[in-house]
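*Asks:* So that we are looking at the same thing, I have put the structure below in structure tokens.
The values are calculated or read from the model by the stated rules, or taken from the named source; none is laboratory data. Note that the structure is a prediction, hence the values are computed from the model and not measured. Cβ placement follows ideal geometry from the backbone for every residue including glycine, while neighbour counts extend to all protein chains displayed. Calculation scope for accessible area: heavy atoms of the full protein, side chains included, ligands and nucleic acids excluded. Shrake-Rupley method; radii C 1.70, N 1.55, O 1.52, S 1.80 Å.
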Amino acid sequence: MTLFKPPKALGTCADKLYEIRQQRLAAQKVVEKLTEQETALKEHIIQTLPKSESSGITGKVARVTIVKKIIPQVADWDKLYKHISRTKSFELLQRRVSDTAVKERWENGKQVPGVDHFTIVTVGINKI
């Protein structure tokens, strides 16, 4: 991996950042088209294989199999919350607060117990 050395002049850095961003966005469009084709092929295989009662298919360079995975989905949040409160099974939840909900409360002058904040610094870029 080669290290990228930024230009010394900050104006040149801004131009280089814009140029690289444009290259990345162009590459991303190519990736999105490839992903779309990949998704269409996967969906075609999923729809076609069960009808033939096969669990997979083999070509000249690859073998594809249908894999089924069970994903949990909450049907009744109230029941789940009651269960978690009663059994203290907080591991059933992911540890993340809603940015929007917390910011709304802060904007209304309310504190959220146990929630702190930190500031990130980013760079905005626009073509002139």
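*Asks:* For residue 42, go through the aspartates and glutamates and keep the ones whose alpha-carbon is under 20 Å away, minus same-chain ones fewer than eight residues off.
*Replies:* Filter leaves 32, 53.
*Asks:* Same structure again: Among 74, 48, 64, which residue has its Cα furthest toward the positive end of the charge dipole of the range 43-102, with +1 on Lys/Arg Cβ and -1 on Asp/Glu Cβ?
*Replies:* 64
*Asks:* Which one of 39, 3, 109 is farthest out on the positive end of the charge dipole of the chain, using unit charges on Cβ (Lys, Arg +1; Asp, Glu -1) and the Cα centre as origin?
*Replies:* 3
*Asks:* So between residue 119 and residue 74, what do we pick up on full extension, going 0.36 nm a residue minus the alpha carbon distance?
*Replies:* On the way: separation 45, 0.36 × 45 = 16.20 nm, distance 3.32 nm.
Length difference between fully extended and current span is 12.9 nm.
*Asks:* How much of the accessible area of the chain, in percent, comes from carbon and sulfur atoms when a 1.4 Å probe is used?
*Replies:* Roughly 58 percent of what the probe reaches on the chain is carbon or sulfur.
*Asks:* Report the relative contact order of the chain, percent, no decimals, based on alpha-carbon pairs under 8 angstrom and at least 6 residues apart.
*Replies:* Values: 27 pairs, mean separation 22.9, N = 128.
Result for the chain is 18 percent.
*Asks:* What is the sum of charges, Lys and Arg at +1 and Asp and Glu at -1, for the other residues whose Cβ falls under 15 Å from the Cβ of residue 39? If you can, show how the numbers build up before the last one.
*Replies:* Details: positive: 33, 42; negative: 32, 36, 38, 43.
Neighbour charge sum, excluding residue 39 itself: -2.
*Asks:* Could you point to the label whose value was computed as Rg and Dmax of the Cα atoms in Å for the structure here, given [x] 16.2, 56; [y] 14.1, 39; [z] 24.7, 64?
*Replies:* From the options [x] 16.2, 56; [y] 14.1, 39; [z] 24.7, 64, the structure gives [z].
*Asks:* Follow-up question, since we're still on this one. Given labels modelled 7 Å from the Cα in the Cβ direction, how far is it in nm from residue 63 to residue 126?
*Replies:* About 5.6 nm, to one decimal.
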